[in-house]
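Undergrad: One structure, as structure tokens, below. Some questions next.
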Amino acid sequence: MALSDNPEPAEVEVYKHRVHRCKQYLNIASTGFSFEVFDKFKQLSKWADVIHYHYPWPLMDVLHCLSGVNKPSVVTYHSDIVRQKVLLHLYRPLRNKFLGKVDRIVATSPNYLKTSYALQRFRNKVDVIPIGLNRQAYPEPKPELYEYWRNKVGEKFFLFIGVLRYYKGLHILIEAAEDTEYPIIIVGAGPVEAELKQQVHESGIKNIHFVGPVSDMDKSALLDLCFGVVFPSHLRSEAFGISLLEGAMYGKPMISSEIGTGTTYINIDQLTGLVVPPADPNALSKAMNWLWAHPKEASEMGVRAKKRYEELFTAEEMVKKYVMMYQSLVRSSC
């Protein structure tokens, strides 16, 4: 179930899943609100064996606590509330009541479980199930597309993919690139795009290239071609790092920051890449310089990154663990 400003049609199919949409009337602090969602939630809950929530979404907490629905429940805890610190003080009692009432909580990495104060309170009912990706869902580019990107960005480059948000640390990456010459390709768009481009312009940097949003096919080509993936997110708002995991899936060495989240569960320092302190452009620059100057070691890190993906982060492994959890919840409710 989801909210939409224009929920017509009310039901849509997304990747073979039926999504029920309700009218969104308000959006406060990135949280949507709807009056219709309560009746719809009760209606859909009647046929459900298990109710699966995704946190954070405060409206979900209200639904669970006030609806009176009594079905086995699990919540995937994606992220602490990081930015809205004042509102968090008001919301915390509701959050704790909600997390106390659900049957199971899923953290997406052991790192996040260890560093989240909210999760520690409910440690006895938390399981860790990492987010998984399906390599077969990524298209295989044609040779001419590889040639197009080689001509456009060169044969060897660092790659960032993601929405250009405040917590992605791209301003740090730009500082780190000031004394380098190797190409750095930034894929994506977002709220801080204009100020990042202004920073590049004012710094006189010539080796950072913004290519904007790209198709899935283009993204696959860039992941395949790149020398390594750089992921400078410096705040806990970056709870996991899907594009970092894509780098591992493609067998690329990675650079990330230690922020106590899933990024350092994906990227293990000196094993699959390099991990640097957050918001440290000098350390980030040194990490990129080291990988660039040691291509053999970088390639070996990429091989180990792909192996780690295959062992821990496949969609198949994620689905298997969730199915086992659902089955356990249903059995215990009988």
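The values are calculated or read from the model by the stated rules, or taken from the named source; none is laboratory data. Everything numeric in this text was worked out from a predicted model, so none of it was measured. FYI the Cβ positions are ideal-geometry reconstructions off the backbone, even for glycines, and counts take in every protein chain you see. SASA here: full protein model, heavy atoms, side chains in, ligands and nucleic acids out. Shrake-Rupley method; radii C 1.70, N 1.55, O 1.52, S 1.80 Å.
Undergrad: Being charged (D, E, K, R), surrounded by 19 or more Cβ atoms within 10 Å (Cβ to Cβ) and not assigned by the TED database to the domain that holds P295: is that true of R104 here? So that I can check it myself, show each step before the final result.
TA: Numbers: charged (D, E, K, R): yes; surrounded by 19 or more Cβ atoms within 10 Å (Cβ to Cβ): yes; not assigned by the TED database to the domain that holds P295: yes.
Yes: the conditions hold for R104.
Undergrad: Follow-up. May I ask you to verify whether H78 is open to solvent by 70 Å² or more (accessible area, probe 1.4 Å), within 17 Å of the chain's Cα centre (by Cα) and not small (G, A, S)?
TA: no
Undergrad: Could you pull out the residue among V187, V192 that is of a type in the set (A, V, I, L, M), modelled with pLDDT of 95 or more and touching a Leu at 6+ places or on another chain (Cβ under 6 Å)?
TA: Values: V187 fails: touching a Leu at 6+ places or on another chain (Cβ under 6 Å).
Residue meeting the stated conditions: V192.
Undergrad: Give the residues of the range 281-334 that are aromatic (F, W, Y), more than 30 Å from D49 (Cα to Cα) and open to solvent by 30 Å² or more (accessible area, probe 1.4 Å), sorted by residue number.
TA: If the condition is that a residue be aromatic (F, W, Y), more than 30 Å from D49 (Cα to Cα) and open to solvent by 30 Å² or more (accessible area, probe 1.4 Å), then W290, W292 are the ones that fit.
Undergrad: Looking at G260, is it touching a Gly at 6+ places or on another chain (Cβ under 6 Å), in a loop (DSSP other than H, G, I, E, B), in the same structural domain as G154 (by the TED database) and on the phi > 0 side of the Ramachandran plot?
TA: For G260, the condition - touching a Gly at 6+ places or on another chain (Cβ under 6 Å), in a loop (DSSP other than H, G, I, E, B), in the same structural domain as G154 (by the TED database) and on the phi > 0 side of the Ramachandran plot - is not met.
Undergrad: If we scan the range 219-233, do we find a residue that is closer than 27 Å to Q120 by Cβ and open to solvent by 10 Å² or more (accessible area, probe 1.4 Å)?
TA: No: the range 219-233 contains no residue that is closer than 27 Å to Q120 by Cβ and open to solvent by 10 Å² or more (accessible area, probe 1.4 Å).
Conditions (1) closer than 27 Å to A315 by Cα; (2) out of contact with any helix residue (DSSP H, G or I) (no Cβ under 8 Å at 6 or more places or on another chain); (3) not in a helix (DSSP H, G or I), marked per residue:
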residue	(1), (2), (3)
Q198	no, yes, no
I205	no, no, yes
D218	yes, no, no
L245	yes, no, no
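Undergrad: Additional query: Quick check: is even one residue across the range 282-290 assigned to a helix (DSSP H, G or I) and under 15 Å from the mean Cα position of the chain (by Cα)?
TA: No, because not a single residue in the range 282-290 is assigned to a helix (DSSP H, G or I) and under 15 Å from the mean Cα position of the chain (by Cα).
Undergrad: Which of the numbered conditions does V214 fail, given that it passes all the others? Conditions: (1) among the hydrophobic types (A, V, I, L, M, F, W, C); (2) part of a loop (DSSP other than H, G, I, E, B); (3) over 19 Å from F313 (Cβ atoms); (4) open to solvent by less than 30 Å² (accessible area, probe 1.4 Å).
TA: Going through the list (1) among the hydrophobic types (A, V, I, L, M, F, W, C); (2) part of a loop (DSSP other than H, G, I, E, B); (3) over 19 Å from F313 (Cβ atoms); (4) open to solvent by less than 30 Å² (accessible area, probe 1.4 Å), V214 breaks only (4).
Undergrad: Moving on. Output the qualifying pairs, or none if there are none: Cβ atoms under 6 angstrom, residues six or more apart or on different chains, first residue in the range 39-65 and more than 21 Å from S333 (Cβ to Cβ) and in the same structural domain as K101 (by the TED database), second residue among the polar types (S, T, N, Q) and at pLDDT below 90.
TA: Final answer for the pair search is P58/T31.
Undergrad: Still on this model: Restricting the range 20-68 to residues that are hydroxyl-bearing (S, T, Y) and open to solvent by 70 Å² or more (accessible area, probe 1.4 Å), which is nearest to N6 (Cα to Cα)?
TA: Among them, the one singled out is Y25.
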